[in-house]
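Down below is the structure, laid out as structure tokens.
The values are calculated or read from the model by the stated rules, or taken from the named source; none is laboratory data. All values derive from a computational prediction rather than experimental measurement. All Cβ positions, even for glycine, are placed from backbone atoms using ideal geometry, and neighbour counts span all protein chains on display.
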Amino acid sequence: MTDSGASIASAAPKQEELFPIREVSRLTGVNPVTLRAWERRYGLIQPTRTESGHRLYSLADVEAVRSILAWIERGVSVSKVGKLLARSNAARLPVTPIHQDAASGEWNERRTQVRNAVSTLDEAELERVYGQVFSTYPLHVAFADVLMPVWQSLLLRQDEFGRGSEWVFFDSFLRARVLQRLQLSRNNQQQRVLLAPLPGQGRELELLVAGLLLGSGEVVVNVLGLGQPLAELALVCGKLQPQALVLFSNQPPADDLGQQLNRLALGLDCPMALAGETADLMSEELDGTPVACLGSEGRLMQRRLRQFLAGHLDT
């Protein structure tokens, strides 16, 4: 084990830091009244209690609050957030509580290292930490549990003075590295899948990361740009002849999106699927239609895509 790995492992068993509600409010910008409502009314967070009844929140609780806030800012109602969080957690492979605690401790440590490098705009240090992350964790963990949580927290705070520069720095850094990985992953022997964004939704990095996570040794993913018109996808597919078209979005769906997707699927010469958090929100609506839902969690998306291409995933 490396020195850095040993220090992280030795830090994992330490007692977890807990925060009072006023500190969580300061860290997240969510007032205490709202935090209590999310707990009592919706069960979205479950802080521990002191003997005198005061709430104490873990780092995981703080991250959960930030995730809830991100969903709400995308237009998802609070009543639906719990279901989405539960699906995201259920999609992960089960681990024992001891291993989960150790992993969470390591991820927190890595995220702190990333944040420190970003806060000083130190590209050399960020490159070093980035390399350590990918030498330690599989692809889906590196993004879902280390890099993207930092990116999302900066995105939520980019209007604060100084945070905007940090977010642009980190976003540009990650986009360049993900594009490089996508280029290196291409192989002429692989099945080709087109990944396209829903128009006007999402950010480029989320789309690129989805392309990276969907790909595998058997499947190469070609990512279309954010400006790709939905109405022209049949034309694009006719020219490129992919094995499948996957649409991606992390935004709440429009009321008529299901109808648009069905019409598009019927005009294609290849099968079509939906990925991202929009797929989680629309899974019931699209059940039984020509559009398959791949979900939003890295390993699950990749596994479902392979099943879909093999004709083993129900739509």
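Per-structure values
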| read-out | value |
| --- | --- |
| Index of the failed condition, E218 passing every other in (1) within 30 Å of V146 (Cα to Cα); (2) within 22 Å of the chain's Cα centre (by Cα) | (2) |
| Lone unmet requirement of (1) in contact with a Lys or Arg (Cβ under 6 Å, 6 or more places away or on another chain); (2) surrounded by fewer than 20 Cβ atoms within 10 Å (Cβ to Cβ); (3) modelled with pLDDT of 90 or more for T289 | (1) |
| Scan of the range 64-85 for residues that are within 15 Å of the chain's Cα centre (by Cα), closer than 15 Å to L35 by Cβ and either surrounded by fewer than 16 Cβ atoms within 10 Å (Cβ to Cβ) or of a type in the set (G, A, S) (or both), ordered by number | A64, S67 |
| Some residue of the range 241-257 being assigned to a helix (DSSP H, G or I), free of Cβ contacts under 8 Å to residues at least 60 places away in the same chain and within 26 Å of R299 (Cα to Cα) | yes |
| Number of the condition not met by Q228 [criteria: (1) farther than 18 Å from D280 by Cα; (2) assigned to a helix (DSSP H, G or I)] | (2) |
| Selection count where residues are closer than 22 Å to G295 by Cα and at pLDDT 90 or above, scope the range 151-169 | 1 |
| Cβ-Cβ under 6 Å pairs, at least 6 apart or on other chains, the range 30-46 side assigned by TED's automatic domain parsing to the domain that holds Y57, far side aliphatic (A, V, I, L, M) and not in a helix (DSSP H, G or I) | W38/L44; W38/I45; E39/I45 |
| Test for L235: is it free of Cβ contacts under 8 Å to residues at least 24 places away in the same chain and part of a helix (DSSP H, G or I) | yes |
| Criterion: within 27 Å of S79 (Cβ to Cβ) and modelled with pLDDT of 95 or more - qualifying residue of L247, L257 | L247 |
| Inter-residue pairs, beta-carbon under 8 Å, first assigned to a helix (DSSP H, G or I) and in the range 106-127, second of a type in the set (K, R) and crowded, with 20+ Cβ neighbours inside 10 Å, 6+ apart | none |
